[in-house]
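Laboratory data are not the source of any read-out in this text; all were calculated from the coordinates shown. Fair warning: this is a prediction, and the values are worked out from it, not measured in the lab. For neighbour counting, all protein chains shown are included, and Cβ atoms are generated from backbone atoms with ideal geometry for every residue, glycine included.
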Amino acid sequence: MKKIAAIAALVLLLAGCNGKIEMDPQLLTTDQVSLMVKGKMIFTLEDGQLAYNRKLGQFRAGNDDMSRFFILTCRTSVLQEGQEVTADIQWTSGNTVKTQKGLVFKVEKYESTGLVRLWSAADKTGATVKVLD
């Protein structure tokens with residue numbers, strides 16, 4: 001009987017969890033180009049340079065001497081909210097360059113200013129990038 005009660009409690013607990021990890025509010029509300037990896041803010045562009053290459057699907061942000069940067073390269077064009085995009089990211093961490101490939105991001109928000117907010121719930125990784133014309 002105790003075993004059945006324990007299983008029932010576990011089922012109720014799991015039923016209450018939808019398993020979806022919401023985009024970090026820090027990324028959702030910032031107006032700055034930024035990168036979060038595994039729930040940790042890695043990069044925020046305060047001063048520096050932005051670049052966008054529509055043909056390559058690539059967003060780049062870095063300080064003026066590029067000692068700190070991140071590059072997000074999407075395998076398809078980012079067109080609308082709700083879209084899923086597979087992308088690779090590369091960023092600096094101290095004196096090393098780190099890379100993650102094949103992350104699946106959801107376009108959480110696409111603003112008229114060109115700011116695009118992407119989130120990979122599975123990896124707790126997100127980026128705020130800017131489409132430049």
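Descriptive notes on the structure:
- Within the stretch 105-133, being β-branched (Val, Ile, Thr) and surrounded by fewer than 18 Cβ atoms within 10 Å (Cβ to Cβ) holds for THR113, VAL131.
- Among residues of the stretch 119-133, those that are within 20 Å of GLN49 (Cα to Cα) and part of a strand (DSSP E or B), counted: 5
- Selected residue (criterion: surrounded by the fewest Cβ atoms within 10 Å (Cβ to Cβ)) from residues of the stretch 88-104 that are among the hydrophobic types (A, V, I, L, M, F, W, C) and either touching a Phe, Trp or Tyr at 6+ places or on another chain (Cβ under 6 Å) or within 21 Å of ASP64 (Cα to Cα) (or both): VAL97
- Flag if SER34 is of a type in the set (Gly, Ala, Ser) and buried (at least 18 other Cβ atoms within 10 Å of the Cβ): yes
- Residue satisfying condition, being touching a Gly at 6+ places or on another chain (Cβ under 9 Å) and assigned to a strand (DSSP E or B), within set LEU103, LEU27, LEU35: LEU35
- Tallying residues that are over 20 Å from SER120 (Cβ atoms), without any contact (Cβ under 8 Å) to a residue 12 or more places away in the chain and basic (Lys, Arg) within the stretch 28-86 yields 1.
- Within the stretch 65-110, tally of residues that are among the acidic types (Asp, Glu) and closer than 20 Å to MET41 by Cβ: 2
- Odd one out for THR76 among (1) surrounded by 19 or more Cβ atoms within 10 Å (Cβ to Cβ); (2) outside any strand (DSSP E or B); (3) not basic (Lys, Arg): (1)
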